[in-house]
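The values are calculated or read from the model by the stated rules, or taken from the named source; none is laboratory data. From a predicted model like this one, the values you see are computed outputs, not experimental measurements. Reconstructed Cβ throughout: ideal geometry from the backbone, glycine too, with neighbour counts over all protein chains shown.
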């Protein structure tokens, strides 16, 4: 009740207890392998038709997204959450979920050898899930990592996220540059870190202790030539078109 969760899902205050029961039955059906008939059989007084109608209502209009945001915002205001973090940092990763082979974005999971779809989730340092999106397996995840932070930071009354931690799949070198232009740091935990090099402009002074891990051959002229187009790309991402 304190979050307005059911109101966000329904689009109005519940008219009766039966409406709430059908709503949460629909959430249970969407979140498990149970269908409307199976959920109705577990809840006395609930008809399959009620669950079916509620399930369809949850599938459109961004209602579930708004309800989840209400919960995350409420959680961040709980006093103990301030002990977990300042709310300006987050991490993101993908979870592989079983899916029908007939789903258009399902792919074979290389580990389990079954059809699955990815769910890419952003979690703030106060442990609220601030964004999630279904993605295709076996693809780089830098784009969706950036999108999640942009979507969160686009609302002016929220604490802006300034740092996003990702794994190797969640970054590319161009994505790190774009993230910086959008006002946050994309911080990857890199695989094979010992083989990585820090590329710097030609003639850049480097402390002796870092000589072995640097390569000074970046062309400033090339950066200057591509700078305007890079800014246009960042502006396009920010504006959404």
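Looking at 66, 107, can you tell me which residue is in contact with a helix residue (DSSP H, G or I) (Cβ under 7 Å, 6 or more places away or on another chain), surrounded by 12 or more Cβ atoms within 10 Å (Cβ to Cβ) and closer than 23 Å to residue 148 by Cα?
Residue meeting the stated conditions: 66.
Would you check which residues across the stretch 37-61 are surrounded by 14 or more Cβ atoms within 10 Å (Cβ to Cβ) and under 25 Å from the mean Cα position of the chain (by Cα) and list them?
Listed by number, the residues that qualify are 55, 57, 58.
Mind listing just one residue for me: the one in the stretch 161-188 that is free of Cβ contacts under 8 Å to residues at least 40 places away in the same chain, closer than 21 Å to residue 135 by Cα and touching a strand residue (DSSP E or B) at 6+ places or on another chain (Cβ under 8 Å) and, of those, surrounded by the fewest Cβ atoms within 10 Å (Cβ to Cβ)?
Per the criteria, the residue is 168.
Listed residues 91, 96; which is within 30 Å of residue 181 (Cβ to Cβ) and either outside any strand (DSSP E or B) or touching a residue at least 40 places away in the same chain (Cβ under 8 Å) (or both)?
Of the residues listed, the single one that is within 30 Å of residue 181 (Cβ to Cβ) and either outside any strand (DSSP E or B) or touching a residue at least 40 places away in the same chain (Cβ under 8 Å) (or both) is 91.
Among the candidates 122, 102, single out the residue that is touching a helix residue (DSSP H, G or I) at 6+ places or on another chain (Cβ under 8 Å) and modelled with pLDDT of 90 or more.
Being touching a helix residue (DSSP H, G or I) at 6+ places or on another chain (Cβ under 8 Å) and modelled with pLDDT of 90 or more holds for just one of 122, 102, which is 122.
So is residue 158 surrounded by 14 or more Cβ atoms within 10 Å (Cβ to Cβ), more than 14 Å from the chain's Cα centre (by Cα), modelled with pLDDT under 90 and not in a strand (DSSP E or B) or not?
yes
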